[in-house]
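The values are calculated or read from the model by the stated rules, or taken from the named source; none is laboratory data. None of these values were measured; they are calculated from a predicted model. Cβ placement follows ideal geometry from the backbone for every residue including glycine, while neighbour counts extend to all protein chains displayed.
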Amino acid sequence: MRQSATRIIFWSIAGLFAFPLFLALRDLPDFGAYAGPYGDLVLATCTGERHTPQGVAAVTFDYRGFDTLGEEFILFAALAGALLLTRPQEDERQHPPRDHALDRPVPQGNEPIVAAGRLMFPFSLMLSIYIIVHGHLTPGGGFQGGVLLATAFYYVYLSGEYQDLHPFTSVPLLESLKVLGAAGFALLAASPLAVGLPFMTNLLPLGREGGLLSAGTLPLCNLLVGCEVGAAFLLLIDAFLRQVVVIGKKKEEDS
Amino acid sequence: MSELPFLVTIWLFLIGLYGIATSRNTIHLVSCLFVAQSSTYLLLLSVGYRAHGSAPILSGIPPGAQPVDPVVQSLALTDIVVGATVSALILIFALQSHKRSGTQDPRRTPPMRG
Amino acid sequence: MEQLAPLPVVIPLIMAALSVLVEKLPGKHRLLDLLGLGTVGTVLAIDLKLVGLSFEKTLVYWFGGWLPRNGFPLGIAFAIDPAAAGLAGFAALLTLLGLIFSWHYFRSIGSHYHCLMLLFLGSMQGFCLTGDLFNLFVFFELMGVAAYALTGYKIEDTGPLEGALNFAVLNSIGAFLVLLGLGMIYSRTGGLNLAWIGTQCASQGADLTLQAAFMLLCIGFLVKAAVIPFHFWLPDAHAVAPTPASLLFSGIMVELGIYAVARCYWTLLADQEAVSWMGTLFLSLGLATALLGAGMAFVQRHLKRLLAYSTVSHSGMMLAAFALADPGALGGFFLYLFGHGFVKGGLFIATGIVLHRLKSVDEDQLRGRGRELWLTGPLFCLGGLVLAGVPPFGTWVGKALIEQRAEALGYPLVTPVLLISSALTGAAVLRAGLGIFYGAGSPNFLSACAPATGDQELPETAKALDRTPFVMALPLCLLFAAALGTGAFEELSRRVLLASARFCHSEGYRLAVLAGRAGAVTPLPLPQLEWQKGLLSGAAALAAALLALFGLPLPAWLQRPYKQFFQGVLRVLRTLHSGYVGDYVIWFLLGSAALLLATWVNSGL
Amino acid sequence: MNEILQAIVFVMVAIAGTGVVTTRDPLHQSLVAGLFGLLLSVLFMVLQAPDVALSELVVGAVAFPLMVLLTVAKTRAKECE
């Protein structure tokens, strides 16, 4: 009864919301008729002044690099929050990892799958590093590569035991990497201040267009962001995983 | 065709909100939030699209092709990161709250009210 | 000197990252406290310097050296006018006092607390200083994420988690609307710099699309500002956050929502005839919020929830001040923001001390138990009077200025509504204060059936002390002194009026950002303010508090219908504030639909 | 041709989004959400945004469903005990 009443109320209000919004959206330039000028100006200047053909990377790390700095710290804040909220509590205790809890897609000892997982791992690792370092030339970059890097490690988990993953998820190491990425990115952006140039100025030599070391600070930014994002997502998923396999409530343990 | 992207944008936003409004499970609610958020990616990319355009990566495009707007793509990238992190945080709230109250139904936990 | 501009944002962010490393060191608590205080102090000093510089000329800082090309802004700009710098400084000051309060405080569970506080500070700085629409959104989200995490800090309880969940969901949906509005604006104007969008809007004329896009931005920011019907998350979140976080949430974060609306209004659309209808709309929203928040505050017994609802009410008053769309009223808005932020911060800290000493924040349980708190008690009651707006505190100056401008502009309804709502919020605090610290009165029927009691509130501190630590009393005294100072120095009021005149000068802002030229403005001279209204409001608050404590001097047969009436109203209000995020979303959609329909109707005329 | 393809993908995204919301069981929902993320990234590809498509792929189709799955696992495990 309540459900259907909610549904009726919701959709009648939704109609009232959608109607004026649709009228407003209809007056926008037609789909496919982007008129600029921001994007066109960026594309007209990014090869000449930044020696990068990758328009999106140029916007993300150079023209609007400050947004990306904020974005990296959003990730940082979310991770700090996640670690804060999953801190060990008084009424919980850690037990040795048990794997029964997760709906494991992989039955224990299924050799082909374990092998496939082990095979996938180096492959994903290579791919993610490629995506990170070529961020200023091809689609992709620090963020995409970093997330892929983090998920690569979860093939280890899928193909084995939580214990296998453990060496990679040493929290102090990952936290240091995450700090290195975030603070490094911020410090790199701040370094021009030391020579009296504006924050986030692209200081390094621009190099030959299309080269791995070109576009000034862009590859370095990608590397640092990849470092932070990779470490952060590893920590994040580890925080979830830890809740599943390591932490239980004291009461339940005793009973 | 030219109004379809806007219609899909509005639809995704509203269906996501509908899911949240009627959700009986906090985890379900997070996924609905994810759907609602995708409407913003859609609108951003739609307004920067250029008919028969190519990706804004200048090295490989055929001569004469018009690249689409890279700025909205950069904005959408930021948006995706934000969405992922906020979802992760809300999932943690859901997880911890489940530990405390033993239920995922937001309507069964004793809320702060009044 | 313009090199200073990015530092208030960048320093806290870097320090927040490094503080994670410090947590690994032995003796980390003292180190973290020192690091936090040092960072905030530095930011405060830079902000003050920026305030001084910005009075000479609006500072425009282009990140990455991307100066405008042929008048088009390619990069992100910080546009620092006195109002922006002043608010940033205010945020830093409140953070400093909050961190002083939490010295020693989070000893047992102190991980990542400093990191989040510094990130929160950095985001507020960026939010105040930026002149770019998308950058505003980025800092909006950063502020949000840090705030959600701080809200859920006490994971031992379900209240904080539920509050954080409601907060995060509602604010995220608000952020989606900001993005949708931003996308529409970008599509029409092709840029993201506020000044650029403003010039484009001026040449295109504000049609339905631009007005609707602006309205979507406003809805997103009004969620943060907790204006009805978007306010439901606020009491759930503010009431459960740790004390220093509540101080920042109520003292500055909510107000920043209105600041963002004001900033967008004056940079984008203010010089268009077509949007003059919005003033009336926001004015009625603000006044309704003020009344509802005050009413809800009056019927709470959970102290932090009471203060949270009073924040809703005062946020409504500030929205009404903005809605007058007048430089003088905006000056009143800024003064009120400072005065209210200081005193609300002081009240939250006093509540934190009560929780620390007496292990509860429930008014009825605590009745008469706070007699030995000789410093906190009187200040808490004084806080009630300040909220009501007695002279010469900052709240009085701000309110008097707003009321005077409202009357001059022909809105006679503003004064009585402001009087009623500020007196009611003051009365709620006074009633609680007199009951707790002096044992006055008996539990009254209004708060007796309040569902959120607050006696299960978990202590925030490791062990109970039999006296109030110095580090807790110090920020309390400083906050009340600052609230007094805001109102007492006329020079400050003059400066604020000049700042708000600059803020409202759309043309000057655009010239400064896009062409680097300074435009001159003449501020409103500081008028003679009436202190009688302030006293009246304080007296009304006292009277209402006494009525609530000792009951009406009426015979029983007259009291019954009166009680029944109020209990009926209360039941409805409490049912509406159900605590379920699903219901809040429906309210949100209803509010957005109403605002968009209003846009559609009015833009067609 | 191009336009028809775009229209089809737009409609599929809308349908998949509806599917995510109407799948009430979180475990199944995480799979549908993964599919939705995949479709979104296809759409972004079609809209000539390879960077965004790659992001959406790693976040929407891999990382987000993984986190949802782990949360479900935690809550289910408790309910079993």
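Looking only at segment C:575-604, count every residue that is in a helix (DSSP H, G or I) and either polar (S, T, N, Q) or out of contact with any helix residue (DSSP H, G or I) (no Cβ under 9 Å at 6 or more places or on another chain) (or both) and tell me the total. Matching residues across segment C:575-604 total 5. Scanning segment A:32-63 for residues that are touching a Lys or Arg at 6+ places or on another chain (Cβ under 7 Å), surrounded by fewer than 24 Cβ atoms within 10 Å (Cβ to Cβ) and assigned to a helix (DSSP H, G or I) yields a single hit, A:L41.
Exactly one residue out of A:T60, A:T47 is over 24 Å from B:S46 (Cβ atoms) and either within 25 Å of the chain's Cα centre (by Cα) or touching a residue at least 60 places away in the same chain (Cβ under 8 Å) (or both), and it is A:T47.
Taken as a whole, the structure leaves A:A24 outside the set of residues that are under 26 Å from C:L136 (Cα atoms), more than 7 Å from chain B (Cβ to nearest Cβ) and not in a helix (DSSP H, G or I).
Restricting attention to segment C:51-72, which residues are without any contact (Cβ under 8 Å) to a residue 60 or more places away in the chain and either in contact with a Pro (Cβ under 8 Å, 6 or more places away or on another chain) or among the aromatic types (F, W, Y) (or both)? Walk me through how you get there before you give the answer.
Residues of segment C:51-72 that are without any contact (Cβ under 8 Å) to a residue 60 or more places away in the chain, as a first pass: C:51-54, C:56, C:59, C:61-67, C:69-70.
The answer is C:V51, C:S54, C:Y61, C:W62, C:F63, C:G64, C:G65, C:W66.
The listed residues are B:S2, B:S59, and the only one of them that is more than 29 Å from D:A7 (Cβ to Cβ), at the interface with chain A (Cβ under 7 Å from one of its Cβ atoms) and modelled with pLDDT under 85 turns out to be B:S59. Restricting C:G293, C:G286, C:G352, C:G332 to those that are more than 21 Å from C:S537 (Cβ to Cβ) and within 20 Å of the chain's Cα centre (by Cα) reduces the list to C:G352. For beta carbons closer than 6 Å, sequence separation of 6+ or different chains, a first residue in segment C:386-408 that is under 19 Å from C:L307 (Cβ atoms) and a second that is assigned to a helix (DSSP H, G or I) and of a type in the set (S, T, N, Q), the qualifying pairs are C:V386/C:T395; C:L387/C:T425; C:A388/C:S422; C:A388/C:S537; C:G389/C:T395; C:G389/C:S422; C:G389/C:S537; C:G394/C:T486. Please verify whether C:I46 is free of Cβ contacts under 8 Å to residues at least 40 places away in the same chain and part of a helix (DSSP H, G or I), treating the condition exactly as stated. Spelling it out, it is not the case that C:I46 is free of Cβ contacts under 8 Å to residues at least 40 places away in the same chain and part of a helix (DSSP H, G or I).
Among residues belonging to segment C:62-78 that are aromatic (F, W, Y) and either facing chain A (nearest Cβ under 7 Å) or in contact with a Lys or Arg (Cβ under 9 Å, 6 or more places away or on another chain) (or both), point out the one that is surrounded by the fewest Cβ atoms within 10 Å (Cβ to Cβ).
Start the filter on segment C:62-78 by keeping residues that are aromatic (F, W, Y), which leaves C:62-63, C:66, C:72, C:78.
Among the residues that remain, those that are also either facing chain A (nearest Cβ under 7 Å) or in contact with a Lys or Arg (Cβ under 9 Å, 6 or more places away or on another chain) (or both) are: C:62-63, C:66, C:72.
On the way: C:W62: 23, C:F63: 26, C:W66: 22, C:F72: 15.
Out of the qualifying residues, it is C:F72.
The residues in segment A:64-89 that are more than 7 Å from every other protein chain (Cβ to nearest Cβ), closer than 22 Å to A:L188 by Cβ and not in a helix (DSSP H, G or I) can be counted, and the count is 0. Does A:T6 satisfy the criteria of being touching a residue at least 24 places away in the same chain (Cβ under 8 Å) and not aliphatic (A, V, I, L, M)? Criteria not met by A:T6.
Checking each residue in segment C:111-139 for being within 18 Å of A:L79 (Cβ to Cβ) and hydroxyl-bearing (S, T, Y) picks out C:S111, C:Y113, C:S123. In the set D:V58, D:V68, D:V72, which member is assigned to a helix (DSSP H, G or I) and within 11 Å of the chain's Cα centre (by Cα)? Result of the check over D:V58, D:V68, D:V72: D:V58. Among the residues making up segment A:132-156, a single one is away from chain D (no Cβ under 11 Å), crowded, with 24+ Cβ neighbours inside 10 Å and touching a strand residue (DSSP E or B) at 6+ places or on another chain (Cβ under 8 Å): A:H136. Within segment C:203-213, the set of residues being at the interface with another protein chain (Cβ under 9 Å from one of its Cβ atoms), without any contact (Cβ under 8 Å) to a residue 40 or more places away in the chain and more than 29 Å from the chain's Cα centre (by Cα) comprises just one member, C:T209.
Within segment A:174-199, the residues that satisfy the criterion of being facing chain C (nearest Cβ under 9 Å), part of a loop (DSSP other than H, G, I, E, B) and farther than 14 Å from C:I14 by Cβ are A:G196, A:L197, A:P198.
On the basis of being surrounded by fewer than 24 Cβ atoms within 10 Å (Cβ to Cβ), over 20 Å from D:L39 (Cα atoms) and within 7 Å of another protein chain (Cβ to nearest Cβ), does B:A88 make the cut? No: the conditions fail for B:A88. Looking at the structure I just gave you, is C:L234 more than 7 Å from every other protein chain (Cβ to nearest Cβ) and either at pLDDT 95 or above or buried (at least 24 other Cβ atoms within 10 Å of the Cβ) (or both)? Against the criterion (more than 7 Å from every other protein chain (Cβ to nearest Cβ) and either at pLDDT 95 or above or buried (at least 24 other Cβ atoms within 10 Å of the Cβ) (or both)), C:L234 qualifies.
Please enumerate the residues belonging to segment A:41-63 that are among the small types (G, A, S) and within 10 Å of chain C (Cβ to nearest Cβ). Break it down stepwise before answering.
Just the residues of segment A:41-63 that are among the small types (G, A, S), to begin with: A:44, A:48, A:55, A:57-58.
Within segment A:41-63, just A:A44 meets the criteria.
The set of residues in segment B:53-84 that are surrounded by fewer than 21 Cβ atoms within 10 Å (Cβ to Cβ), over 17 Å from C:G190 (Cα atoms) and touching a helix residue (DSSP H, G or I) at 6+ places or on another chain (Cβ under 7 Å) contains only B:L58.
Within segment D:13-53, being within 14 Å of chain A (Cβ to nearest Cβ), without any contact (Cβ under 8 Å) to a residue 40 or more places away in the chain and within 18 Å of B:T40 (Cβ to Cβ) holds for D:A14, D:T18, D:V21, D:G37, D:S41, D:L43, D:F44, D:A49, D:D51, D:V52, D:A53. Any residue at all in segment C:421-438 that's more than 17 Å from C:G331 (Cβ to Cβ), at pLDDT below 95, outside any helix (DSSP H, G or I) and hydrophobic (A, V, I, L, M, F, W, C)? Taking every residue of segment C:421-438 in turn, none turns out to be more than 17 Å from C:G331 (Cβ to Cβ), at pLDDT below 95, outside any helix (DSSP H, G or I) and hydrophobic (A, V, I, L, M, F, W, C). Restricting B:L29, B:L43 to residues that are more than 8 Å from chain D (Cβ to nearest Cβ), farther than 14 Å from C:L170 by Cα, assigned to a helix (DSSP H, G or I) and modelled with pLDDT under 95 narrows the list to B:L43.
Quick grid of which residues meet (1) within 9 Å of chain A (Cβ to nearest Cβ); (2) under 26 Å from the mean Cα position of the chain (by Cα); (3) buried (at least 24 other Cβ atoms within 10 Å of the Cβ):
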residue	(1), (2), (3)
C:F139	yes, yes, yes
C:A147	no, yes, yes
C:E156	yes, no, no
C:L165	no, yes, yes
C:V178	no, yes, yes
C:A195	no, yes, yes
C:C201	no, no, yes
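Here C:L479 fulfils each of the conditions (1) over 26 Å from the mean Cα position of the chain (by Cα); (2) at pLDDT 85 or above apart from (1).
Determine whether segment B:101-114 contains at least one residue that is in a loop (DSSP other than H, G, I, E, B), within 19 Å of D:V58 (Cβ to Cβ) and modelled with pLDDT under 90. No, segment B:101-114 contains no residue that is in a loop (DSSP other than H, G, I, E, B), within 19 Å of D:V58 (Cβ to Cβ) and modelled with pLDDT under 90.
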